[in-house]
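Data block below; observations after.
The values are calculated or read from the model by the stated rules, or taken from the named source; none is laboratory data. For clarity, every value in this text was computed on a predicted model and none was experimentally measured. A quick note on method: Cβ atoms are made from the backbone with ideal geometry, for glycine too, and the neighbour counts reach across all protein chains shown.
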Amino acid sequence: MITLGIDLGSTTSKAVVITEGVLCAYCILPAGYDVEKTANTLVEKILDKAGINLCQVDKIVATGYGRERVLWADKAITEISCHAVGAHYLNPNVLSVIDIGGQDSKVIVLNSKGEVTNFAMNDKCAAGTGRFIEVMARTIELDVKAFSEISISSKNPASISSLCAVFAESEVINLISKGENRENIVAGIYEAISARIAGMVRHLNIQSPVMMTGGVAQNAGLVQVLEKKIDKPIEVNELSQVCGAIGAAKIASDLMKR
Ligand code: ADP
């Protein structure tokens, strides 16, 4: 059985092929303006990568912001469900998922079977999202990758009180003008983001093991600060960014079995 999972996110589009329960290919592209065009390109690329053609695919599940736009998908499923199933696929022991993507953040509570029992989501403002980090990185003239790790050498995180991206940017500009070093500014930004996520975590009273998913999981500096804030180790898988697409492909396999 071959299934395809597509996650059309706000910032990136991801696709995964699962063959007989095993992940055999994945692909990540920028989201693009035209969701349908991006989805078509994504499918062409993933089929090419997996060395299969569309006729061999038994089922397709779409998730993410653009999921309803993929009319050729067999089913559209929410990101909450897909990240939960994807995280459970990557580690069946996981009981909590923190997903930080380009424009939203979610905390998901799972039971031992990997089913969602509770969740919290912020998709109303940039605070605690990848976009917030991108804006801050631009302000201090670092690319997102360099920005990710620089905080690790900070001895004294700067205080950033605003969680609004616009006001926080003014605070950062102010800190730069006062001569504060970049390490401390970035560490301060991570403290502010982590405080926001920790609020959602406290509300849900999450259990370990905790897995972080979404593109921002690759931000080692933020993960380090967040672990301290929630007082729990956070597991990051190298496939964290495609976790939602993995969940979609896995759900497609489960639908076939039924
Ligand atoms: P969405 O599903 O909402 O489109 P993703 O889960 O793909 O979002 O995550 C996109 C975010 O991940 C972007 O804000 C991007 O800056 C961030 N990101 C991607 N790769 C890295 C990396 N190597 N280090 C830090 N952040 C990253």
Practice task
Hey, can you tell me all the residues within the range 107-125 that are surrounded by fewer than 23 Cβ atoms within 10 Å (Cβ to Cβ) and within 15 Å of the ligand (Cβ to nearest atom)?
Solution key: MET121, ASN122, ASP123, LYS124, CYS125
Problem - For GLU149: the one exception among (1) more than 27 Å from THR12 (Cα to Cα); (2) modelled with pLDDT under 95; (3) not polar (S, T, N, Q) - result: (1)
Completion exercise
Considering the range 30-45, residues that are surrounded by 12 or more Cβ atoms within 10 Å (Cβ to Cβ) and within 20 Å of the chain's Cα centre (by Cα), and then whichever is nearest to SER13 (Cα to Cα), we arrive at ALA31
Fill in the blank from the handout: The residue that is farthest from the ligand (Cβ to nearest atom), considering only those in the range 241-258 that are crowded, with 18+ Cβ neighbours inside 10 Å and over 16 Å from ILE80 (Cβ atoms), is SER253
Fill in the blank from the handout: Picking from GLU191, GLU227, GLU238, the residue that is under 22 Å from VAL97 (Cα atoms), free of Cβ contacts under 8 Å to residues at least 12 places away in the same chain, among the acidic types (Asp, Glu) and in a helix (DSSP H, G or I) would be GLU227
Practice task
For the range 1-100, please list each of the strands (runs of 3 or more DSSP E) lying entirely inside it that holds at least 1 residues being without any contact (Cβ under 8 Å) to a residue 24 or more places away in the chain.
Solution key: 22-30
Fill in the blank from the handout: Scanning the range 46-72 residue by residue, those of a type in the set (Gly, Ala, Ser) and either surrounded by 23 or more Cβ atoms within 10 Å (Cβ to Cβ) or within 14 Å of the ligand (Cβ to nearest atom) (or both) turn out to be ALA62, GLY64, GLY66
